[in-house]
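No lab work stands behind these numbers, since they all come straight from the coordinates. All values derive from a computational prediction rather than experimental measurement. Backbone-built Cβ (ideal geometry, glycine too); neighbour counts: all protein chains shown.
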Amino acid sequence: MTNSVPVAVNSDSFIPVNTQTWTNGRHNVRCVKVIQETWDVRTFCFMSEQPVMYFFKPGQFVTLELEIDGNQVMRSYTISSSPSVPYSFSITVKRNPGGLVSNWLHDNMKEGDDLAVHGPVGLFNCIDFPSEKVLLLSGGVGITPVMSMARWWFDTNADVDMVFAHSARTPGDIVFQRELDHMASRIGNFSLHLICERIENGQAWHGYRGYLDLPKLQLIAPDFLEREVYCCGPEPYMAAVRNLLKDNGFDMSRYHEESFGETPAGVEEEAIENAEQAQEEADALTLSDMNRVEFANNGKSVQIAPGETLHAAAAKLDLHIPKACGMGICGTCKVLVKEGDTTMSHNGGITDDDVAAGYVLSCCSVPNGDVVVEY
């Protein structure tokens, strides 16, 4: 499935930007940014080489396919970004003492790294259970799915009455605090409440202290019985929330939670099967099926699979061709093809004269055989 987004080239013509829409399956992505959220929490942002509209239901998760110490490892993480920012997606990961994948991501995942992800999937989301009044409850890094929901409603100017109550160990452990404060300052239908278990020396704190209990809940959301509740956090936190709501007459059919832990049953098996199939397809490619791309100025060359772009070939050799849009609009990644033939699907970022002279945009040009590029 494709979406066409009109891009103005001049006053008389429009050329559509054709982008793929994300669907459940196996996808190759690249880490494009790493953000330090707190002392032990990082956000990893991903994009595709070719533009993909990352549409998903806020609250859903992806499964990462990783190789750690020679072993294939699958681990699921909730998407913390919002589909309202569609050309990338993010996961937010807390370093966990003794945690194999979380520690590996913190220690090894960096900008420019490629990996495969599976998804998006998940029944815990705000699209399938819509409501005009919601209560978002989170503990620790369990904030990620409800943050995705809040970002979605905020960005889309949704007419949803949001109460957001987040529990953290200390003020220094509050993930996304500046963004939450910004959202609360901008719109009247976003009520923010932060609860810290304890205060460490030198930390100033004027919010709630301790744990979420009935007195705090009644102060935070006096009408909580009328709201749809979305909850995510460590199991002890969610068990306490469930008991609190049940004991006070809440209709639990309006309670939704996401377990924040191991990969859900069945997801890892399916992901491994898909990965094995993809590997079999890759192994089936012989050298005669591959295209050789040589970068003449650097004396480097690489074999790439059919359908891969010149820009992807350069990245495999750690050659940095500047790129601003990835859609053939900006013209930043223009290179000269000295030998061979390519197919280019641009969106107005190159002139007819440049094309006639042999130039192409590397982000949207695929070799039709062996090529030599001046770069």
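Working from label points 7 Å from Cα in the Cα-to-Cβ sense, the Q218 to A239 distance is 2.6 nm. Helix-only arithmetic for the chain: the sum of -39500 (n - 2.57) across DSSP H runs with n ≥ 4, divided by the residue total, places the mean residue ellipticity at 222 nm at -6500 deg cm²/dmol.
Working from Cα positions, state the angle (0 to 90°, nearest 10) between the long axis of helix 177-186 and the longest principal axis of the chain. That helix lies at roughly 80 degrees to the long axis. Note on E226 and Y211: their simple-model spin labels are 3.0 nm apart, each label 7 Å out from Cα toward Cβ. Taking the longest Cα principal axis of the chain as reference, the axis of helix 235-247 is set at about 50 degrees. Based on every Cα atom in the chain, Rg and the maximum pairwise Cα distance Dmax equal 23.8, 75 Å. A full extension of the chain between D353 and D128 corresponds to an added length of 75.9 nm, given 0.36 nm per residue minus the alpha carbon distance. Take the residue pairs K94/K323; K33/K323; K110/K316; K57/K246; K110/K300 and return only those whose Cα atoms are more than 19 Å apart. Correct reply: K94/K323; K57/K246; K110/K300.
Using equal-weight Cα scatterers in the Debye expression, the normalised intensity of segment 291-374 in log10 at q = 0.19, 0.25, 0.27 Å⁻¹ is -0.73, -1.29, -1.48. With the cut-off at under 14 Å, measuring from each backbone N in segment 128-157 to a point 7 Å along the Cα-to-Cβ line of S185 picks out no residue.
Can you tell me how much longer the chain between Q203 and E67 gets when fully stretched, taken as 0.36 nm per residue apart minus their C-alpha distance, in nm with one decimal? It would help to have the intermediate numbers written out before the result.
On the way: separation 136, 0.36 × 136 = 48.96 nm, distance 3.96 nm.
Result for the pair: 45.0 nm of gain on full extension.
Label 7 Å along Cα→Cβ of N24; segment 119-154 residues with amide nitrogen under 16 Å? Those under the cut-off are 119-129.
With a cap of 15 neighbouring Cβ atoms within 10 Å, and only residues DSSP puts in a loop, list the GluC sites (Glu not before Pro) found in segment 148-202.
The qualifying sites are E197, E200.
Annotation for segment 318-368 versus segment 117-143: alpha-carbon center distance of 40 Å. Taken about its Cα centre, the chain carries a charge dipole of about 1240 debye when Lys and Arg each add +1 at the Cβ and Asp and Glu each add -1 at the Cβ. For segment 133-259, the C-alpha radius of gyration sits at 1.00 times the compact-globule guess of 2.2 N^0.38 Å, with N the residue count. Taking only alpha carbon atoms, segment 107-201 gives an Rg to Rh ratio of 1.02, where Rh is the Kirkwood radius. Projected label points at D113 and F55, each 7 Å from Cα along the beta carbon direction, are separated by 3.1 nanometres. When you restrict to C-alpha pairs under 8 Å that are six or more residues apart and normalise by the size of the chain, the relative contact order lands at 13 percent.
A cut-off of 5 Å between modelled amide H atoms, ignoring neighbours fewer than 5 places along the same chain, links N347 with I329. For segment 354-368, 3J(HN,Hα) computed residue by residue from phi via the Karplus equation (6.51, -1.76, 1.60; θ = phi - 60°) reads 5, 4, 5, 7, x, 7, 9, 9, 5, 6, 10, 10, 10, x, 9 Hz, glycine and proline entered as x.
Computed from backbone phi, the HN-Hα couplings of segment 82-90 come to 10, x, 6, 10, x, 8, 8, 9, 9 Hz, rounded to whole numbers (Karplus: 6.51 cos²θ - 1.76 cosθ + 1.60, θ = phi - 60°; Gly and Pro given as x). Rounding to the nearest 10 and keeping the result within 0 to 90°, find how far the Cα-based axis of helix 143-155 lies from the longest principal axis of the chain. For 143-155 against the chain, the angle is about 80 degrees.
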